[in-house]
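In what follows, a structure is listed as structure tokens, so that the remarks can point back to it.
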Amino acid sequence: MESFTIRTSSRTDFKDITNNIASLIANAGVTKGACMVYVPHTTAGVTINENADPAVMRDMETILDRLIPWTGSYRHSEGNSAAHAKSTLVGHSVTVPVQGGKLALGTWQGIYFCEFDGPRNREILIQIL
Ligand code: ZN
């Protein structure tokens, strides 16, 4: 298992971590298999989406905020229920095939760490299978 940490810079922050993961796979010397990326946090997640036009992830933030507003009739005393709900909605892991020593992502795909209650230091776990 490999891991690395990142620092997010705002309450909602989508960080493209594709290159970090590609480097780990290259250093591990794995040519064929799969890579599981896991986020061990309850107010963050990980997803795959377009990394060509940054507007896509900004729209994702708008859409998630519309679906799950920050304030509402929530019970959780910490006051960050929206972040917990977004975390569950987005999910905590993605698995990407590895072929020829590279992530078999589509042309427009990138792997994004999704912060929903930042800024914070966050950990990302990578299991190469
Ligand atoms: Zn909480």
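Just so it is clear, none of the values below were taken in a lab; they were calculated from the coordinates. Computed from a predicted model, the values in this text were never measured in an experiment. Glycine also receives a Cβ, built like all others from the backbone with ideal geometry; neighbour counts cover every protein chain displayed.
Numbers at a glance
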read-out	value
Farthest positive-ward along the range 18-129 dipole, Cα basis, beta-carbon charges - from Gly106, Ser73, Phe116	Gly106
Kirkwood hydrodynamic radius of the range 2-43, from inverse mean 1/r over distinct Cα pairs, in Å	12.3 Å
Sorted by Cβ density within 10 Å, fewest first, the residues Thr88, Thr107	Thr107, Thr88
0 to 90° range, to nearest 10: angle between helix 55-67 axis and the chain longest Cα axis	40 degrees
Proximal aspartates and glutamates to Lys86, defined as alpha-carbon separation beneath 15 angstrom and excluding residues fewer than eight positions away on the same chain	Asp13, Asp59, Glu61, Asp65, Glu115, Asp117
Mean Cα-pair separation over length for the range 1-99, i.e. relative contact order, pairs under 8 Å, 6 or more apart, %	42 percent
Cα gyration tensor of the chain - equivalent ellipsoid semi-axes, whole Å, descending	28, 15, 11
Proximal lysines to Lys32, defined as alpha-carbon separation beneath 29 angstrom and excluding residues fewer than eight positions away on the same chain	Lys15, Lys102
Cα pair distances in the range 34-94, grouped into 10 Å bins until the bin that holds the longest one, percent each	20, 45, 29, 6, 0
Taking Phe14, Phe116 and counting other C-beta atoms within 10 Å, the order from fewest to most	Phe14, Phe116
In degrees, nearest ten, helix 81-90 long axis to first principal axis of the chain (Cα)	30 degrees
Which of Lys32, Lys86 has the fewest Cβ neighbours within 10 Å, and the rest in rising order	Lys32, Lys86
